[in-house]
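Below you'll find the structure, written out as structure tokens, and then a few comments.
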Amino acid sequence: MNFFAENLKVFKKVFLPLFALVVLSSNIDQYLNLKMETALRDPLGVQTQVVYYGFLSILSSILFPVLLASIALFALNSLDSTTKTLQDFWDRHLNQMYIETLRAWGKTLQWTLLLIIPGIWKYVELSMVPFVVTSSQQYDEGKVDALKGSAQIVRRRWFVVLSILVLFHLFIPGILTTIFDAYRLIWKTPLQSLLLSALDTYLLLVSTHILFNIFRSEVRRHDAHV
């Protein structure tokens, strides 16, 4: 099955729940950012409010990315697995996705505190952690560490992985933010906000699908040589 046929199946399977979660997460982030800006301009209650909204923002940045990735990976894995429902997929993988993602963030932070560039590279190296957790039989069998497995795959295809991350996580979002950031708030511009969220959802599906194909091809290549 070619990429476009697979992508269409993935799109049909999870676009609506993924879109709903993107709308929710995007507007929560926008709301918290507005509250943070208001708190920073308030000299009377700045300390308490900034800590409160800052904590909620960190919590949101942990909760939603893993949920979004898990939905996309459920659809991709269901193309050639027996996993039938999202709930089954979450029961099997979601807890470990959070654990390994927090480990990856901690490792990235350690390197970032040393130097910025090594921290960025470590982030790229560990970008495949969700794929290892959800799609690696060796991980399920306890034969590979998620962080090391991710780094090994990225090092073999580092230029392609880096290019995809720059394009879909930096370049395109940067352009969209620069041009359309004023239309993100659903309570102010509902139609524009929903259209932008739909675009974000599709870009997430495409980028995750491309990375999944890279991961899958590298796993198959490794298995063929074992």
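The values are calculated or read from the model by the stated rules, or taken from the named source; none is laboratory data. Small disclaimer: the values here were computed from a predicted structure and weren't measured. A quick note on method: Cβ atoms are made from the backbone with ideal geometry, for glycine too, and the neighbour counts reach across all protein chains shown.
Find the residue count for region 172-193, including only residues that are assigned to a helix (DSSP H, G or I) and exposed (fewer than 13 other Cβ atoms within 10 Å of the Cβ).
Residues meeting the conditions: 9.
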- So which of ALA75, ALA20, ALA39, ALA69 ends up being over 20 Å from the mean Cα position of the chain (by Cα) and either among the hydrophobic types (A, V, I, L, M, F, W, C) or at negative phi (or both)? ALA39
- Note on the structure: Flagged pairs (Cβ under 7 angstrom, 6 or more apart or on separate chains; first in region 2-16, more than 16 Å from LEU199 (Cβ to Cβ) and modelled with pLDDT under 95; second hydroxyl-bearing (Ser, Thr, Tyr) and not in a helix (DSSP H, G or I)) are LYS13/SER78
- Item | Which listed residue, of SER70, SER57, is over 29 Å from VAL10 (Cβ atoms) and of a type in the set (Ser, Thr, Tyr) | SER57
- Query: Among the residues of region 119-129, is any surrounded by 22 or more Cβ atoms within 10 Å (Cβ to Cβ), of a type in the set (Val, Ile, Thr) and either touching a residue at least 12 places away in the same chain (Cβ under 8 Å) or part of a helix (DSSP H, G or I) (or both)?
  - Reply: yes
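Go through region 17-53 residue by residue and tally those that are assigned to a loop (DSSP other than H, G, I, E, B) and either among the small types (Gly, Ala, Ser) or in contact (Cβ under 8 Å) with a residue 12 or more places away in the chain (or both).
The first filter runs over region 17-53 and keeps only residues assigned to a loop (DSSP other than H, G, I, E, B), leaving 41-45.
Within this subset, residues satisfying the condition of being either among the small types (Gly, Ala, Ser) or in contact (Cβ under 8 Å) with a residue 12 or more places away in the chain (or both) are 45.
Residues that pass the stated criteria total 1.
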- Scope region 195-225; condition over 26 Å from TRP158 (Cα atoms) and either among the small types (Gly, Ala, Ser) or surrounded by fewer than 16 Cβ atoms within 10 Å (Cβ to Cβ) (or both); matching residues: LEU195, SER197, ALA198, LEU199
